[in-house]
Each structure stands twice: as structure tokens, then as C-alpha cells.
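Report on the structure given below.
The values are calculated or read from the model by the stated rules, or taken from the named source; none is laboratory data. Since the model is a prediction, treat every value here as computed from it, not as a measurement. Backbone-built Cβ (ideal geometry, glycine too); neighbour counts: all protein chains shown. Surface areas here come from the heavy atoms of the whole protein model, side chains and all, with no ligands, DNA or RNA. Shrake-Rupley method; radii C 1.70, N 1.55, O 1.52, S 1.80 Å.
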Amino acid sequence: YVPPQIRKAQETLDDKKREELGRLKKMVNGLINRLSEPNLSSISGQMEELYMANSRKDMNDTLTDILMSACVTAVAMPARLLMEHVLLVSILHHNIGIEVGAHFLEAVVKKFDELCKSDAEGKECENLLALIAHLYNFHVVHCLLIFDILKKLVSTFTEKEIELILFLLKNVGFSLRKDDALALKELITEAQRKASTAEKKFQDQTRVRFMLETMLALRNNDMRKIPGYDPEPVERLRKLQRALVHSSGSGKDTQLRVSLESLLSADQVGRWWIVGSSWSGAPMISDTKSQAQQKLHVGKVSSKIMELARKLRMNTDIRRSIFCVLMTSEDFMDAFEKLLK
């Protein structure tokens, strides 16, 4: 039972919060609507001020909602517009904290997975994939996630998936080759194998052939073979990013090295890639397993040593084991060997 006066206080608090969030949404929306390359510096500065003045959770939720509604539409969005939006996320990710990029990335990947399964007719999948590609281009996420997505698309291998593979390779293919040439080579081999087994399935062979040609051009580092490939806009925005990121540690160390599986099962296993993220789900590893690991065998030790360990408050198995090893070893090499075991 909640007494009426407390009930009333809660209601006014909820209304106040709703009003605050509405005001915040208006401010963020105004900034995002004005976003362009020349004023990116001032807008990212104002966004940082908003992050300082409001709670991170409210800001992350608001920014992600606004960006998703602006960028994920049924028609193909202009590449330049998507790049500028992702560049803003990237600058905030480096200057404010990695939870900004992590929150946006998780929302994008979950939406992409959902739309891939639903066979949507529009261009939402391409727009979401472009967002993920540019998050990789602007060093928010590691190439591990891109390879996971490509493997998933190659394993399904329908006409829609071939379109998406081509789209992704055109955007980030050469960066992938630079980051992990071996993984790209394995992916190309797998795609060739799939294409040879699935030849009967497709009426129109030209898309598959074109995809394989694009992959071979990537493998041979031949940019001329890929029509419409232009790295210049991304390079120019990367230069701008370097100018706007304050911290010196803005390189590889802030990249989220997270797999597709981890992102999709974040609600079940927690978000280990965000430092200090709280999580109240079921334990990730069953207790029986952890107890089994705790049992450490260091051979037979005398009751005298065990008594001494108890007196010195060695209260866990691992502490007792280390103490017994140190006390019963013949010399430092013997102790070293036993500790390794």
C-alpha cells in the first residue's frame, strides 16, 4: 500500500522527469538537425556540455533514439549524412566515454539483426549496415564485429545477403584488408565455396559474379576494379575527427572489441565491454562450475602447516594452497614450479 501523499509526490516527480526528458530531447534534436561538417566542432562541444549537465543514461537514450529515427528510414540515406552523424557519435565516444558509442552500437546491431530476420522490403538494413561500417571507419568498433556480420551474411547467402555483403565491402573492404588480411582471405574462400554450391539457386548470376570479382579486387588490393569506390570523404572526416578529439588516447584503445554474439545476448550475459556497467541478471557461470575450479591440489601437507595457515587467517582454498607451497618448498625453483601448477 502506498499512502496518498507519497503517491501524489511520485506522480509529480514522474511528470517532472517526463518534462525534463522532453526538453532534453528538443535540445538534442535541434543540434542534430543542424549537424553538418563545417559546424561539427561547435555542435560536438554543445553535446559535451549537455552530457556534463544531464545524466549519462538520459543522454545516451535520447541521442540514440534521435539518431535512429534520423538515419534508419525505408529509403537509402545519403552516405555523407550518415558519416557526419556517426562522426559525432565517434567524437563523443572518445571525449565523453566509451559507453556513448557502446549504447548506440548495441541499439544499431539489435535493430539490424531484427530487420534481417523479418525480410523487410525497405532500405533500413542498408542504412543500419552503413552506420555499423562508419562506426568501424571512425574507430568506435573493432573489425571483429564486421567480420562476424560478414560471416553471418555469407552463411545465409541469399540475394538480399549478397547485396549487403557488397555494400559492406565497398564501404570498409580496404580497411579490413589492412587490419586483418588473413580473416578477409578466409572469408573470400568461404564465399567462393558458397557461390559454387549455390549456383543453381539463383536465376540472376551476375550479382554473385560481381560480388566475387569485388572480393578478388580487395584481395589483390586493386581499387580501380571496384566501381564508385571513393575513400576521400572518409579520410577528410577522419582528419576532422583527429582535430576534434581531445584525449591523446583516441586510437585503438577506445575501440570496442566486441563480437556480434556478445552484443545480441547483452541482456543475458551483461555488457563486459563497458567498464563499470552494473548488471543484475542471473550468474554467468553456474556456481557448481566455479566451486569445481576452486579445488586446488597441492599434494599432501602436514596438519601443522594447515593449522598455521588457519592461524594466519588464510581463509580461501587458493590462499591456503599458496601459503602451503611457500612453506613446504625446498628452494625458490621448487616453489616456482609448484605455484605454476
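Table: residues versus (1) over 21 Å from residue 112 (Cβ atoms); (2) modelled with pLDDT under 85; (3) not assigned by the TED database to the domain that holds residue 128.
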{"residue": "154", "(1), (2), (3)": "no, no, no"}
{"residue": "158", "(1), (2), (3)": "no, yes, no"}
{"residue": "165", "(1), (2), (3)": "no, no, no"}
{"residue": "172", "(1), (2), (3)": "no, no, no"}
{"residue": "176", "(1), (2), (3)": "no, no, no"}
{"residue": "193", "(1), (2), (3)": "yes, no, no"}
{"residue": "197", "(1), (2), (3)": "yes, yes, no"}
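Could you check segment 96-115 and list, in sequence order, the residues that are aromatic (Phe, Trp, Tyr) and more than 19 Å from residue 270 (Cβ to Cβ)? Within segment 96-115, 112 is the sole residue that qualifies.
Out of 48, 19, 84, 121, one residue alone is in contact with a Leu (Cβ under 9 Å, 6 or more places away or on another chain), farther than 25 Å from residue 262 by Cβ, open to solvent by 20 Å² or more (accessible area, probe 1.4 Å) and charged (D, E, K, R). It is 48. Answer with yes or no whether residue 103 is assigned to a helix (DSSP H, G or I), under 30 Å from residue 243 (Cα atoms), within 11 Å of the chain's Cα centre (by Cα) and not small (Gly, Ala, Ser). When the stated conditions are applied, residue 103 passes them. Residue 39 - would you say it is under 26 Å from the mean Cα position of the chain (by Cα) and in the same structural domain as residue 69 (by the TED database)? Against the criterion (under 26 Å from the mean Cα position of the chain (by Cα) and in the same structural domain as residue 69 (by the TED database)), residue 39 does not qualify. Taken over segment 234-282, the criterion of being open to solvent by 30 Å² or more (accessible area, probe 1.4 Å), more than 16 Å from residue 95 (Cα to Cα) and at pLDDT below 85 is satisfied by 267, 268, 269, 271, 272, 276, 277, 278, 279, 280, 281, 282. Failed condition for residue 36, given (1) open to solvent by 50 Å² or more (accessible area, probe 1.4 Å); (2) not in a helix (DSSP H, G or I), with all others met? Among (1) open to solvent by 50 Å² or more (accessible area, probe 1.4 Å); (2) not in a helix (DSSP H, G or I), residue 36 violates only (1). Looking for something assigned to a helix (DSSP H, G or I), assigned by the TED database to the domain that holds residue 221, within 30 Å of residue 39 (Cβ to Cβ) and at pLDDT 85 or above - is there at least one such residue anywhere in segment 112-121? Taking every residue of segment 112-121 in turn, at least one turns out to be assigned to a helix (DSSP H, G or I), assigned by the TED database to the domain that holds residue 221, within 30 Å of residue 39 (Cβ to Cβ) and at pLDDT 85 or above. Scanning segment 320-332 for residues that are over 44 Å from the mean Cα position of the chain (by Cα) and surrounded by fewer than 14 Cβ atoms within 10 Å (Cβ to Cβ) turns up 330, 331, 332.
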